[in-house]
Amino acid sequence: MAMIDEPLYPIAVLIDELKNEDIQLRLNSIRRLSTIARALGEERTRKELIPFLSENNDDEDEVLLAMAEELGVFIPYVGGVEHAHVLLPPLETLCTVEETCVRDKAVESLCRIGAQMKENDIVDWFIPVVKRLAAGEWFTARVSSCGLFHIAYPSALDQLKTELRTIYGQLCQDDMPMVRRAAASNLGKFAATVEQSHLKTEIMSIFDDLTQDDQDSVRLLAVEGCAALGKLLEPQDCAAHILPVIVNFSQDKSWRVRYMVANQLYELCEAVGPEPTRADLVPAYVRLLRDNEAEVRIAAAGKVTKFCRILSPQLAIQHILPCVKELSSDSSQHVRSALASVIMGMAPVLGKDATIEQLLPIFLSLLKDEFPDVRLNIISKLDQVNQVIGIDLLSQSLLPAIVELAEDRHWRVRLAIIEYIPLLASQLGVGFFDDKLGALCMQWLEDKVFSIRDAAANNLKRLAEEFGPEWAMQHIIPQVLEKINNPHYLYRMTILEAISLLAPVMGAEITCQKLLPVVINSSKDRVPNIKFNVAKVLQSLIPILDQSVVEKTVRPCLVELSEDPDVDVRYYANQALQACDQMMVSS
């Protein structure tokens with residue numbers, strides 16, 4: 001008897017847990033569907049489990065979402081592709097629920113199953129599901145159906161294909177805006193499966209209706225359709241059908257639609273080709289750059305470099321640069337910030353002369369912008385300009401601004417400058433660097449913000465790597481070691497950090513002669529934080545120093561620290577002593 005009852009047990013547990021009041025138990029049982037299906041076997045899964053799930057779909061959205069997800073990967077558990085159609089009924093029901101994320105997941109799972117089904121099964125089982133959903137009384141079913149046509153259409157016979165195109169056309173004219181929106185957002189996927197002859201006639205006619213919809217939420221989704229359809233059509237058809245729509249959309253009364261055009265403009269240009277772009281889309285883009293809505297200007301400004309790459313430098317200078325100049329003093333800081341993040345990329349497009357004449361003044365005005373993000377965005381892309389105009393010009397025009405920003409009141413701007421210094425140093429060369437920027441690098445070690453001091457210490461290490469230990473010995477080490485006597489313990493800690501970073505670059509000899517005595521001396525500091533940092537630094541120096549130095553100098557210092565009254569000092573000193581012992585053992 002026990003043997004007979006055994007296979008019934010999992011389904012009994014599932015049914016009990018699915019009806020349990022505790023949502024977590026119900027969720028767990030749904031997530032274990034694959035285990036239960038394996039225990040039941042393929043036939044009982046088809047005959048008992050799936051019908052049970054079809055009936056029990058009146059639950060919390062969380063449970064239904066998990067069910068929709070599980071069913072999408074359930075084909076192996078129902079006996080493979082031949083039986084995939086048994087999974088359609090529960091998913092069809094889930095496509096009609098009110099919660100959007102459940103419907104979306106059910107559509108995704110249906111698409112995944114439909115993509116694996118055989119052609120005749122799609123005609124017999126999948127297409128009827130699509131038609132039933134499309135004719136659904138409640139709008140949720142019709143919304144879901146829009147996402148299934150691209151799976152159903154390729155397998156259908158000619159007569160059925162005509163019917164599916166007609167149904168899609170009706171969905172695009174549905175009374176409910178939500179349905180028209182779903183139809184608009186899925187049009188590109190559906191159009192990709194439709195034959196070229198019908199594409200130019202029926203699909204373009206559907207598309208035209210959507211572009212003139214009275215709801216802006218439908219029109220803005222049609223903007224995405226422009227790019228998708230443009231890639232499917234021949235260039236001349238694209239210029240005839242898609243281009244006028246884009247131009248109209250760029251003047252749409254709703255700013256959201258104009259925003260979508262500004263955001264998608266590069267993709268739209270790719271779709272229509274270079275000639276129409278120059279003739280029709282440049283004026284449209286100029287309008288968007290001068291739009292009265294800041295959001296539209298932000299989107300358009302962010303695409304300025306990409307757009308200029310499609311144009312010839314003359315056109316960019318003639319039409320786009322005047323707008324860029326206006327945007328650099330735009331009333332919205334976010335517009336200026338969006339422009340600053342991409343404007344540097346225009347330098348390679350426009351070439352050296354135009355960059356020097358036209359762009360440099362704009363860079364300088366943005367570097368002096370009152371909003372820190374604008375300044376930051378310019379700093380982080382300076383190398384793109386350097387490649388075009390050369391370091392001499394860059395240093396004459398931009399370096400004074402960089403030096404000014406090094407003392408900026410916003411610490412994030414100072415941080416960005418520090419991170420840029422090693423790159424700048426490698427481009428400027430050692431002589432120029434010493435004259436203009438050397439003092440700055442030392443100044444940052446005594447900044448009020450820890451992140452700046454930390455970055456300054458790392459910066460010194462990178463400079464020592466760039467210019468070599470000899471240069472560092474002359475220009476960095478003496479100034480750093482002087483600062484160990486700073487009255488404030490936080491600044492003394494920064495110097496210890498700098499020493500531990502510089503030591504591997506400087507090598508054993510300089511570390512032993514110059515750096516180690518300073519560290520040992522600091523172990524007598526009255527502040528416990530300094531003493532335990534001394535222990536940490538000594539531990540980091542052990543692999544660099546000779547064993548004799550470790551035994552004569554480092555170990556006695558650590559032994560003394562290990563008897564300190566402060567618990568943290570003792571802890572780190574003991575850690576370092578263990579490292580000494582390990583080094584002894586390994587050697």
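Write down the Kirkwood hydrodynamic radius of region 416-508, to one decimal in angstroms, obtained as one divided by the mean of 1/r over all alpha carbon pairs. One decimal place: 13.1 Å for the Kirkwood radius.
Computed over region 52-172, the P(r) curve from all C-alpha pair distances, binned at 10 Å from the origin, holds 14, 48, 31, 6, 0 percent per bin.
With respect to the chain, whose longest principal axis is taken over its alpha-carbon atoms, helix 333-343 is tilted by about 80°. Once the Cα atoms are used to define both axes, helix 411-428 deviates from the longest principal axis of the chain by about 70 degrees. Here the calculated FRET efficiency for Val430 and Glu195, from their Cβ-Cβ distance with R0 = 56 Å, stands at 0.25, rounded to the nearest 0.05. Note on region 147-224: with neighbouring protein chains present and a 1.4 Å probe, carbon and sulfur make up 47 percent of its accessible heavy-atom surface.
Ignoring ligands, DNA and RNA, what accessible area per residue does the chain give at 1.4 Å, in Å²? Walk me through the numbers before you get to the answer.
Details: 26480 Å² over 587 residues.
On a per-residue basis, the chain sits at 45 Å².
Dividing the convex hull volume of the alpha-carbon atoms in the chain by its residue count gives 242 Å³ per residue.
Normalised by the residues of the chain, what does the relative contact order come to in percent, with Cα pairs under 8 Å and at least six apart?
5 percent
Rounded to the nearest 20 debye, the dipole size of the chain about its Cα centre is 1600 debye, using +1 on the Cβ of Lys and Arg and -1 on the Cβ of Asp and Glu. Here region 55-131 exposes an accessible surface that is 45 percent carbon and sulfur, computed with a 1.4 Å probe and the other protein chains kept in place.
Starting from region 258-352, pick out the GluC sites (Glu not before Pro) whose DSSP state is loop and whose Cβ has at most 15 other Cβ atoms within 10 Å.
Working: sites: Glu267, Glu270, Glu293, Glu295, Glu326; in loops: Glu293.
Sites meeting the loop and neighbour criteria: none at all.
Shown here: region 156-217, whose C-alpha atoms stretch 34, 18, 16 Å along the first, second and third principal axes, sorted largest to smallest. Axis of helix 100-116 versus longest Cα principal axis of the chain: the two differ by about 70°, to the nearest ten degrees. Modelled spin labels at Glu404 and Ala240, positioned 7 Å past Cα toward Cβ, are 5.7 nm from each other. With a cap of 13 neighbouring Cβ atoms within 10 Å, and only residues DSSP puts in a loop, list the chymotrypsin sites (Phe, Trp or Tyr not before Pro) found in region 69-142. Here the chymotrypsin sites (Phe, Trp or Tyr not before Pro) that fit, given the DSSP loop and packing criteria, are Trp138.
Out of the total accessible area of region 507-586 (probe 1.4 Å, heavy atoms of protein only), what percent is carbon and sulfur?
Working: 2080 of 4160 Å².
The nonpolar share, carbon plus sulfur, comes to 50 percent.
For region 507-586, the share of alpha carbon pairs falling in successive 5 Å distance bins from zero is 3, 18, 32, 24, 16, 6, 1 percent.
Estimated purely from DSSP H runs of n ≥ 4, each contributing -39500 (n - 2.57), the mean residue ellipticity at 222 nm for the chain is -19500 deg cm²/dmol once divided by its residues. Loop-resident trypsin sites (Lys or Arg not before Pro) (DSSP state other than H, G, I, E or B) in region 442-496 with no more than 13 further Cβ atoms inside 10 Å of their Cβ: Lys448.
The values are calculated or read from the model by the stated rules, or taken from the named source; none is laboratory data. Just so you know, these numbers come straight off a predicted model, no measurement behind them. All Cβ positions, glycine included, derive from the backbone under ideal geometry; neighbour counts span all protein chains shown. Keep in mind that these areas ignore ligands, DNA and RNA; they rest on the heavy atoms of the full protein, side chains included. Shrake-Rupley method; radii C 1.70, N 1.55, O 1.52, S 1.80 Å.
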